[in-house]
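Participant: Right, I'll just put the structure down here and ask away after.
The values are calculated or read from the model by the stated rules, or taken from the named source; none is laboratory data. Bear in mind that the values here come from a model prediction, so they are computed numbers and not experimental data. Cβ placement follows ideal geometry from the backbone for every residue including glycine, while neighbour counts extend to all protein chains displayed. In case anyone asks, the SASA skips ligands and DNA or RNA and just uses the protein heavy atoms, side chains included. Shrake-Rupley method; radii C 1.70, N 1.55, O 1.52, S 1.80 Å.
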Amino acid sequence: MSTPQNDSVSQANVTVGIIGMGDMGRLYARKISQAGWKVIACDTPEKYAGLKAEFEGGGSPITIVENGHLVSRCSDYIIYNVPAESIDAVVKLYGPSTKMGAIVGGQTSCKAPEIAAFEAHLPSDVEIISCHSLHGPRVDSRGQPLAVISHRASAASTELVTRILACLQSKIVYLSALEHDRITADTQAVTHAAFLSMGTAWQANAQFPWEVERYSTGGVENVKINIMMRIYSNKWHVYAGLAILNPAARDQIRAYADSVTELFKLMISHKRKEFEERIFTAGEAVFGRHKGAYALLRDEILDQYSLAETRIPKNERRPNSHLSLLAMVDCWWKLGIIPYEHMICETPLFRLWLGVAEYLYRDRKMLEEAIETAMEDDAFRMDDLEFTFAARGWSEAVGYGDFEGYRKRFEKVQTYFAPRVAEATRLGNEMIAKIFEKTREGEHEAKSS
Ligand SMILES: NC(=O)C1=CN([C@@H]2O[C@H](COP(=O)(O)OP(=O)(O)OC[C@H]3O[C@@H](n4cnc5c(N)ncnc54)[C@H](OP(=O)(O)O)[C@@H]3O)[C@@H](O)[C@H]2O)C=CC1
Ligand SMILES: O=C(O)C(=O)Cc1ccc(O)cc1
């Protein structure tokens, strides 16, 4: 067995292979090679020349080869960084070329199909240790959660992988594949469903929300709009893969669509008592026992990050029904999920989404205004109707396992918002950086008091 088995292994004896040099593969290749490990990488054969020119010029220590066979033959730890829906085909192709005794892992967002592909196609002498960075490629990896899944491996190999991945300076969490998929269904898939639905609803109503007076309601709306734009600026396959391939995600996205539909029906039939009871019961179940660290999500900060040309003063703003948030909390309550228990796998977007939900539920006046608006104000009916259709539509696309339908739905909205994506991405990045800087200060103060 050629893979060194203890922590005296020197970097010079270890080659790390990366198969898939898209956004995340590049991040891993750069960080790992900067930390001093030898890196050999490939993407699809047609990208070979371009990648070689990009990475091998200028003295970069990353070696680019034509395909995954060449990576697999000489690497001691191989990380597949390919789209989740192609993991089986790619591992089937290159897996049998894996160097004897090497360690193999994947960085896809859903572990059930990845582990199944490794078990099906890797030789039995190969160890399996996967990972998952719980953030996008343009987020600073320092301090973000990094799941490590030691599925079929010795303690020494897990230790070696931990040493290699230490260069990301992330917060490592050791989980089983099953635990990973259950938690990320909640932290990621349902969060994305809410924002995907917002975009679909705004597009269906031919609105750019920052141009609509009723969305100029300050901080919470800015978070919704900026994160929606951020998701639609990314690649569809990332969201499709983690929702469609994770069975727990499908169930949770359906539960979210059910909550949206049921609350909307109560709204249009003006069943105020039932609606109110449901909102308060869900709020108590989710937030009752938890003191969050989100008090720092203040309007003063969030108001700065708006795509709107004119800002409406706080006292002139119109309340919103916040159906997307009310349904999120309702769905957590119905599923018995306490989101704070899943913070080990939080992503920046989940943290913000939980933050704004908490912001709404801890402000009794704002919550009562949302209930009043939901019951009595027709100004939001069209938006809430389209939001309900959208939530069900996304749930169906995911439930049918329909990658092509998912892509079409996603790209239609992506095209609609494309003209403002660059600006929204810049604002979203600034907003996220500012909020996290503030929440970190808040956590620090809470710990030291
Ligand atoms: N983007 C994100 O925010 C995050 C993504 N992830 C996960 O990381 C993985 C990669 O995502 P990301 O980097 O964003 O996606 P990208 O689409 O940017 O990169 C994936 C790359 O893999 C390539 N690829 C496909 N088939 C092969 C093959 N046979 N051999 C070599 N390369 C191949 C793709 O080529 P082509 O495009 O030509 O098919 C593409 O360049 C996904 O599974 C995703 O779920 C995890 C955390 C965050
Ligand atoms: O933060 C989010 O939810 C993102 O949208 C970025 C993202 C996408 C896929 C992942 O597997 C991890 C993070």
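Participant: Which residue pairs have Cβ atoms closer than 6 Å, lie 6 or more positions apart in sequence or on different chains, and pair a first residue in the range 90-106 that is more than 16 Å from ligand 2 (Cβ to nearest atom) with a second residue that is open to solvent by less than 10 Å² (accessible area, probe 1.4 Å) and small (Gly, Ala, Ser)?
Facilitator: Close Cβ pairs satisfying both conditions: Val91/Ala117; Tyr94/Gly68; Tyr94/Ser72; Ser97/Ser72; Thr98/Ser72; Ile103/Ser157.
Participant: Next question, about the same structure. Determine which member of the set Asp76, Asp43 is within 30 Å of Glu404 (Cβ to Cβ) and away from ligand 2 (no atom under 16 Å from the Cβ).
Facilitator: On the way: Asp76 fails: within 30 Å of Glu404 (Cβ to Cβ).
Criteria check complete, one pass: Asp43.
Participant: Right, something else. Would a scan of the range 126-135 turn up a residue that is small (Gly, Ala, Ser), touching a residue at least 60 places away in the same chain (Cβ under 8 Å) and within 12 Å of ligand 1 (Cβ to nearest atom)?
Facilitator: Checked against the condition, which is being small (Gly, Ala, Ser), touching a residue at least 60 places away in the same chain (Cβ under 8 Å) and within 12 Å of ligand 1 (Cβ to nearest atom), the range 126-135 yields at least one hit.
Participant: Name the residue, out of Ala53, Ala117, that is aliphatic (A, V, I, L, M), open to solvent by 10 Å² or more (accessible area, probe 1.4 Å) and either touching a Ser or Thr at 6+ places or on another chain (Cβ under 8 Å) or more than 16 Å from ligand 2 (Cβ to nearest atom) (or both).
Facilitator: Going through Ala53, Ala117 in turn, the sole match is Ala53.
Participant: Filtering the range 248-263 down to residues that are of a type in the set (Val, Ile, Thr) and crowded, with 17+ Cβ neighbours inside 10 Å, which residue is nearest to ligand 1 (Cβ to nearest atom)?
Facilitator: It comes out as Ile253.
Participant: Okay, moving on. Checking Phe350 against (1) at pLDDT 90 or above; (2) open to solvent by 30 Å² or more (accessible area, probe 1.4 Å); (3) assigned to a helix (DSSP H, G or I), which single condition isn't satisfied?
Facilitator: (2)
Participant: Can you name the residue in the range 3-33 that is open to solvent by 60 Å² or more (accessible area, probe 1.4 Å) and modelled with pLDDT under 95 and is also farthest from ligand 2 (Cβ to nearest atom) among such residues?
Facilitator: Ranking the qualifying residues of the range 3-33, first place goes to Ser8.
Participant: Test of understanding: among Leu196, Leu242, which residue is more than 23 Å from Glu358 (Cα to Cα), of a type in the set (A, V, I, L, M) and touching a residue at least 60 places away in the same chain (Cβ under 8 Å)?
Facilitator: Leu242
Participant: Do we find a residue being closer than 22 Å to Cys110 by Cβ, open to solvent by 70 Å² or more (accessible area, probe 1.4 Å) and either in the same structural domain as Glu159 (by TED's automatic domain parsing) or under 29 Å from the mean Cα position of the chain (by Cα) (or both) anywhere in the range 58-74?
Facilitator: Scanning the range 58-74, I find no residue that is closer than 22 Å to Cys110 by Cβ, open to solvent by 70 Å² or more (accessible area, probe 1.4 Å) and either in the same structural domain as Glu159 (by TED's automatic domain parsing) or under 29 Å from the mean Cα position of the chain (by Cα) (or both), so the answer is no.
Participant: May I pose another question? Going residue by residue through the range 122-132, is there one that turns out to be in contact with a Lys or Arg (Cβ under 9 Å, 6 or more places away or on another chain) and within 14 Å of ligand 2 (Cβ to nearest atom)?
Facilitator: Yes.
Participant: Taking helices (runs of 4 or more DSSP H) that do not extend beyond the range 131-227, which have at least 3 residues that are more than 17 Å from Gly105 (Cα to Cα)?
Facilitator: Filter on the range 131-227 gives 177-184, 191-204.
Participant: Name the residue, out of Leu245, Leu165, that is farther than 29 Å from Ala433 by Cβ and within 16 Å of ligand 1 (Cβ to nearest atom).
Facilitator: Numbers: Leu165 fails: farther than 29 Å from Ala433 by Cβ.
Only one candidate passes the filter, namely Leu245.
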